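Novice: Pasting a structure below so you can have a look.
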Number of protein chains: 4
Amino acid sequence: MTTFAPLYVPAPLAEAVSDRAWLAAMLEAERALARATGASVDDEVFRPDAYDIEALCGQGRADASPVVPLARALRDRAPEAHGPATSQDVLDTAAMLVARAARALVAAELDGAAAACAALATAHRSTPMTGRTLLQRAAPTTFGARAAGWLVALVDARRRLAGARLPAQLGGPAGTLDPALAARFAAELGLDEPVVPWHTDRAPVAELAGALGAVAAACAKVGLDVVLLAQNELGEVSEAGGGGSSSMPHKRNPAAAVLARACARLAHANATLLTGGDHELDRAAGAWQAEWPALSAALAYAGGAAAAARRSLEGLEVHADRMAANLGDLGTDVGAAMAIVDRALAHYRGQA
Amino acid sequence: MTTFAPLYVPAPLAEAVSDRAWLAAMLEAERALARATGASVDDEVFRPDAYDIEALCGQGRADASPVVPLARALRDRAPEAHGPATSQDVLDTAAMLVARAARALVAAELDGAAAACAALATAHRSTPMTGRTLLQRAAPTTFGARAAGWLVALVDARRRLAGARLPAQLGGPAGTLDPALAARFAAELGLDEPVVPWHTDRAPVAELAGALGAVAAACAKVGLDVVLLAQNELGEVSEAGGGGSSSMPHKRNPAAAVLARACARLAHANATLLTGGDHELDRAAGAWQAEWPALSAALAYAGGAAAAARRSLEGLEVHADRMAANLGDLGTDVGAAMAIVDRALAHYRGQA
Amino acid sequence: MTTFAPLYVPAPLAEAVSDRAWLAAMLEAERALARATGASVDDEVFRPDAYDIEALCGQGRADASPVVPLARALRDRAPEAHGPATSQDVLDTAAMLVARAARALVAAELDGAAAACAALATAHRSTPMTGRTLLQRAAPTTFGARAAGWLVALVDARRRLAGARLPAQLGGPAGTLDPALAARFAAELGLDEPVVPWHTDRAPVAELAGALGAVAAACAKVGLDVVLLAQNELGEVSEAGGGGSSSMPHKRNPAAAVLARACARLAHANATLLTGGDHELDRAAGAWQAEWPALSAALAYAGGAAAAARRSLEGLEVHADRMAANLGDLGTDVGAAMAIVDRALAHYRGQA
Amino acid sequence: MTTFAPLYVPAPLAEAVSDRAWLAAMLEAERALARATGASVDDEVFRPDAYDIEALCGQGRADASPVVPLARALRDRAPEAHGPATSQDVLDTAAMLVARAARALVAAELDGAAAACAALATAHRSTPMTGRTLLQRAAPTTFGARAAGWLVALVDARRRLAGARLPAQLGGPAGTLDPALAARFAAELGLDEPVVPWHTDRAPVAELAGALGAVAAACAKVGLDVVLLAQNELGEVSEAGGGGSSSMPHKRNPAAAVLARACARLAHANATLLTGGDHELDRAAGAWQAEWPALSAALAYAGGAAAAARRSLEGLEVHADRMAANLGDLGTDVGAAMAIVDRALAHYRGQA
């Protein structure tokens, strides 16, 4: 149902947040639970191929959850297969597994973007250009210093994303299952062990959403500046292979920068949904069920923003001559711009 | 990529906002343009089967638009096929066509929900129950009056949705194409004729988004009240066929009400994105490209909310005995509750 | 508490949404109710000077409403003074009264902005300039056509704002008061008569919020385009008396355009809050109490955006020579730009 | 202009984000800069009493910033007073100073709320009650376990708030001032030293906003559960001194819980604005100027939510008899509820 997904989202990331991936994650959670409880259930039972997620979702409508029919299907095949978990345990844990896989892909795009940024900052450490405030000429800086600003934001967003905890969930319907069992379950999956069940404390989801928002913002900033600097009248950068236009084939558009901004808006909207819900007592009656599509979308579009920012940066052509010409009477005293580049690069290397 | 779509969105509506539907709408726009310009292009050229939207989106990444490769493909088949339109003309017009088709499906769900609501209001016009403010017992009302409140909101949301203008877009890259041509183009498609091109005046999109938000809010209100009244300790309503639970098979959950609330949250988040973008000069560099998935999602989830509210209402079991018992010492002076029901029903019939 | 209000909001508008104004509106509602019920209460009782809104708010904390202590104070002075209304009746009606007064001020700013826009469109009907898509040179248009686009958006937003219904609220705690009384009450105040009490159907608030969002968006668009066209490298417009800078006194900033954009963001955020709350049963336990500051802010900042857009437009200097120079090899075939200007002006006059 | 502020926000916190406080913070930044640059300026020059912030804001409208007229006023009194800083340096640094002072007040309210929560968790470690999913009876838990869940969320939100970095800003118009000077400036103020100027990398603001959102969410959760458990038909908790009603003086409303939810909604809306702006090149033309009121509001309402949650918790009356009665046939096997309480308390103590 997502419109024009391949325009925005790299295929592996789209796959990582697909229904197939969620199904596999739910089954992985169920399998880990069987192991943690010592139930002897054949691994075959947990193979995704045996289940039809679309049908489960259709059936799940009567239960507001795809896990109820999935649990039935599991029990049909092996009575011990579903264990003491409740729907929310399975889905929250699956969400964290999906997030872990998708996060790695997002981080890889960020790494690429940061590397490209670092290369630009290095190459143009002392290339003078106009600093602009309120889009008006203000004072000289260097293109390296501008790239350094992008770089620090990308590095910090990546660190924040990497730092978001991904806890397993295992509490049963009222959050009262044995924490020792939850600990074994988390260990089976390599997820964080929560202090207590977080079934209606959505801080982990909100933290992840906040980190994805930070990723989106860092990429949107690159996109915005590229779009502005690529204006014909400025002409200070252009995207290699910048896109054309259906009615103006000669045009060279900063298409990747534009898509970075578009993806960032979509990521932000979905991340916002994930930070403000009302989660009633021991399971929310609406806010929780809205999280799954929003989480997938936030992951996918944050990654799309990173991938687009990376494409924009990797192919960015810097026109030092135009930068010099645009400086006009501002002079070329770039102050401590080079020192700022060096600090940003050291920050980048320290994190890498 | 949309997670668990069949859980939330009726299949015909999901289809109406699918990539296939957007492709068909883009081709319908192109065909109408050919006709409006008097180009003689074989209708065959505009058949969706001949194009692969997924591939076009992949190619479109270089242009931040699927229309650029689509226009190339059209011209390959018939040089006159793409006409003077620019990407935005095709996509904005396609968006309105998609919206028109999806809106009809959303409205049909709303009609069903309103009819169920009207039946409840009629049947329980004088069934006394507790009015609750801040979730505390306040004063008697009737269940009919409560349903009347839902009904008026549903009716007004439907009217607002039906009233949202759906203008064609035809301005060329700078919005300077002949308005007479745009008028013919709009007439070909049965869309509204805009005063001037609205390529960066997104009021039509925002109005539609606002209306979808109103639909979502009206449905969420039904869902919220049903969830609250269905609490065991109140027991005043229950959903027929209310869903079970993976760990508590005896439970009867107000699953449709829960999904109405979940869908409403998703619709609201996407509608919000559609009301606040920065659209630069003659085509936005990011905010526009973020609209397509958000518009599809807003339509789909608003319709999902309506369908879920309808299911909840159509099967709602009203427990007048529990309502009577919960009144306790509040008495049964329901004031003008019945007159209020009558006003709501007249309003409903006046709109129907 | 609002930071730097005089920077953003015209003083009369700030006053119109102040606590003083809300107090006066609550008392006006109380007085109208006394009249509608035929209670003979001295008008003196309803004079705002006799009450301290700050103290009432402090006392109201225990009740989550300033009306409870206000009603106590009223009854102390005249036992019949508070009538059968509940807190929500008083506050919702007061909100509509505040909105009515503030809306008139917002509309006046919009009128000024539209008039300035119309003058620009007329004066520059055929002044050629570059149309820019994705901020890249695309095709010629005229500055008049650009102003025409702004104008239509301003006119439509004003119409939407004027069209938002402002219903009185009178239902008592459970929404069961006599509709005939509510009708008299509404007539006393010159507010719309609601079909049924809307205490938890917040569509009127959401419609108003949507209209304020439309105002903000139309003004933000002016601001954005002015900011972009005022870039030194384009130099196509500048703001008369454009602001300076603390460190660069020679600079000329498009300050009004910047403030229009800032205000629009603040208006949008507050309007969004007003469209998505959960309103439980007969009075919301949180979402309602969040509306008052958000409504004031949405009104104030929408008006601030309109006032800033007006200032920007009224003093806008159009540099036709720079526009001509920037066209370069695009030529000056502006297509139907002039016809578009004429359509916009006719639309404006038809609405005025 | 903020409507009914004393209803929501503790007076010291309202003062901490007032215009007076911002003025003092701007002057503190200016003074620190004078010291860091070795300018010998009389401390008297930086005394807030000498300036009228309201007038500065009015004058600042022409510059879209109150700092331009403030800098003029400073220079009038002492030519060296304003130093090499630009408006943004002064305002961003002032924002961090305001945030530091307000954060301490928010944290104190959170501490109070957490302490009350810990006391409840301890006292009701083994008080059995119904766990409810989708607001339906699910399985037994204890009230202590519920309070433990609230506690962990409050503790984690407080930690996140305390961890938000508050960097000084000193870059000059193009972000090229000497980092060594910025370091001295930060040290003067006791603020964090930034890696590079963050004038258009708004990650620090977004992180703070995210933390305030987390505070709001944790408090809203308390409010929501209290409101639900305080329903008459459940009667499991009540607020001491719970508020009355203007039309129903006998009622006892969970007023503090309601206000916690209202404040949380307002905090969330303002926090969201702070995470998604477009900040162009070296100073945003709109998104930055929208931050100041939103930051103040996010701080104030997050603190209001914490204060309200604290009031609700500190006076919470727990009705163990009603809890026992409502359990019905669910039994009293509360699983590992007590162990969960112990884990939460240890987590709390570890953080305290």
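Novice: Which helices (runs of 4 or more DSSP H) does the range C:270-352 wholly contain that include 3 or more residues that are buried (at least 23 other Cβ atoms within 10 Å of the Cβ) and at negative phi? Give the steps one after another, and end with the answer.
Specialist: Working: elements: C:291-314, C:320-327, C:337-351.
Ranges flagged: C:291-314, C:337-351.
Novice: Conditions: (1) small (Gly, Ala, Ser); (2) closer than 23 Å to B:Ala294 by Cα; (3) not in a helix (DSSP H, G or I). B:Gly60 meets all but one. Number of the miss?
Specialist: (3)
Novice: Just give me the residues in the range B:37-81 being farther than 24 Å from A:Ala11 by Cβ and among the acidic types (Asp, Glu), in sequence order.
Specialist: Hits for the range B:37-81 are B:Asp42, B:Asp43, B:Glu44, B:Asp76, B:Glu80.
Novice: Looking at D:Gly213, D:Gly175 in this structure, which one is under 30 Å from D:Tyr8 (Cα atoms) and within 9 Å of chain A (Cβ to nearest Cβ)? Break it down into steps so the answer makes sense when it comes.
Specialist: Details: D:Gly175 fails: under 30 Å from D:Tyr8 (Cα atoms).
The unique qualifying residue is D:Gly213.
Novice: Then there is this: Which of the residues belonging to the range A:63-94 are aliphatic (A, V, I, L, M) and in a helix (DSSP H, G or I)?
Specialist: A:Val67, A:Val68, A:Leu70, A:Ala71, A:Ala73, A:Leu74, A:Val90, A:Leu91, A:Ala94
Novice: Looking at the range D:17-25, is at least one residue part of a loop (DSSP other than H, G, I, E, B), in contact with a Ser or Thr (Cβ under 7 Å, 6 or more places away or on another chain) and crowded, with 23+ Cβ neighbours inside 10 Å?
Specialist: The answer is yes; a qualifying residue exists.
Novice: Oh, and also: Would you check if A:Ala325 is within 14 Å of chain D (Cβ to nearest Cβ), without any contact (Cβ under 8 Å) to a residue 40 or more places away in the chain, over 28 Å from the mean Cα position of the chain (by Cα) and over 28 Å from A:Ala108 (Cα atoms)?
Specialist: No.
Novice: B:Ala116 fails exactly one of the following numbered conditions: (1) surrounded by 24 or more Cβ atoms within 10 Å (Cβ to Cβ); (2) under 30 Å from B:Thr332 (Cβ atoms). What is the number of that condition?
Specialist: The failed condition is (1).
Novice: Which of the numbered conditions does C:Arg160 fail, given that it passes all the others? Conditions: (1) in a helix (DSSP H, G or I); (2) touching a helix residue (DSSP H, G or I) at 6+ places or on another chain (Cβ under 6 Å); (3) touching a residue at least 60 places away in the same chain (Cβ under 8 Å).
Specialist: (3)
Novice: Another question about this same structure. Residues to consider are A:Gly144, A:Gly149; find the one that is small (Gly, Ala, Ser) and at the interface with chain D (Cβ under 7 Å from one of its Cβ atoms).
Specialist: Unique residue meeting the criteria: A:Gly149.
Novice: Out of (1) surrounded by fewer than 24 Cβ atoms within 10 Å (Cβ to Cβ); (2) under 24 Å from D:Tyr348 (Cα atoms); (3) in contact with a Ser or Thr (Cβ under 7 Å, 6 or more places away or on another chain); (4) among the basic types (Lys, Arg), the odd one out for D:Arg137 is which?
Specialist: (2)
Novice: Go through the range A:152-172 and count every residue that is facing another protein chain (nearest Cβ under 9 Å) and of a type in the set (Gly, Ala, Ser).
Specialist: Matching residues across the range A:152-172 total 4.
Novice: Just the residues that are touching a residue at least 60 places away in the same chain (Cβ under 8 Å), within 7 Å of another protein chain (Cβ to nearest Cβ) and under 18 Å from C:Arg310 (Cβ atoms), please, taken from the range C:252-288.
Specialist: C:Leu259, C:Ala262, C:Leu266
Novice: Would you please list the contacts, defined by Cβ atoms under 6 Å and residues six or more apart or on different chains, that run from a residue in the range C:76-101 that is within 25 Å of B:Gly335 (Cα to Cα) to a residue that is among the β-branched types (Val, Ile, Thr)?
Specialist: These pairs meet every condition: C:Glu80/C:Val41; C:Ala81/C:Val41; C:Ala81/C:Val45; C:Gly83/C:Thr37; C:Ser87/C:Val67; C:Val90/C:Val67; C:Leu91/C:Val67.
Novice: Looking at (1) over 12 Å from B:Leu313 (Cβ atoms); (2) more than 10 Å from chain C (Cβ to nearest Cβ); (3) in a helix (DSSP H, G or I), which one does B:Ser126 not meet, given that it meets all the others?
Specialist: (3)
Per-residue answers, yes or no, for (1) touching a residue at least 60 places away in the same chain (Cβ under 8 Å); (2) among the β-branched types (Val, Ile, Thr); (3) under 20 Å from B:Gly303 (Cβ atoms):
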{"residue": "B:Val9", "(1), (2), (3)": "yes, yes, yes"}
{"residue": "B:Leu13", "(1), (2), (3)": "yes, no, yes"}
{"residue": "B:Ala24", "(1), (2), (3)": "no, no, yes"}
{"residue": "B:Gly38", "(1), (2), (3)": "no, no, no"}
{"residue": "B:Phe46", "(1), (2), (3)": "no, no, no"}
{"residue": "B:Ala55", "(1), (2), (3)": "no, no, no"}
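Results for (1) over 20 Å from D:Asp92 (Cβ atoms); (2) modelled with pLDDT of 95 or more; (3) among the charged types (D, E, K, R), shown as yes or no for each residue.
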| residue | (1), (2), (3) |
| --- | --- |
| D:Pro254 | yes, yes, no |
| D:Ala285 | no, yes, no |
| D:Arg310 | yes, yes, yes |
| D:Leu345 | yes, yes, no |
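Novice: In the range C:43-100, what count of residues is obtained for those that are crowded, with 23+ Cβ neighbours inside 10 Å, more than 7 Å from every other protein chain (Cβ to nearest Cβ) and of a type in the set (S, T, N, Q)?
Specialist: Final tally of qualifying residues: 3.
Novice: Also, I was wondering about something else. Mind listing just one residue for me: the one in the range D:1-34 that is β-branched (Val, Ile, Thr) and over 22 Å from D:Ala107 (Cα atoms) and, of those, nearest to the chain's Cα centre (by Cα)?
Specialist: Taking the candidates together, the pick is D:Thr2.
Novice: Would you pick out the residues in the range D:190-241 that are without any contact (Cβ under 8 Å) to a residue 60 or more places away in the chain and within 30 Å of B:Glu233 (Cα to Cα)?
Specialist: Those that are without any contact (Cβ under 8 Å) to a residue 60 or more places away in the chain and within 30 Å of B:Glu233 (Cα to Cα): D:Leu224, D:Val227, D:Leu229, D:Ala230, D:Gln231, D:Asn232, D:Glu233.
Novice: For the range C:157-184: of the residues being charged (D, E, K, R) and surrounded by 22 or more Cβ atoms within 10 Å (Cβ to Cβ), which is farthest from C:Arg349 (Cα to Cα)?
Specialist: My answer is C:Arg160.
Novice: Can you pull out the residues in the range C:231-250 that are more than 8 Å from chain D (Cβ to nearest Cβ), modelled with pLDDT of 65 or more and part of a loop (DSSP other than H, G, I, E, B)?
Specialist: C:Gln231, C:Asn232, C:Glu233, C:Leu234, C:Gly235, C:Glu236, C:Ala240
The values are calculated or read from the model by the stated rules, or taken from the named source; none is laboratory data. Computed from a prediction, not measured in an experiment: that's the story for all the values here. Note: ideal-geometry Cβ built from the backbone for every residue, glycine included; neighbour counts use all protein chains shown.
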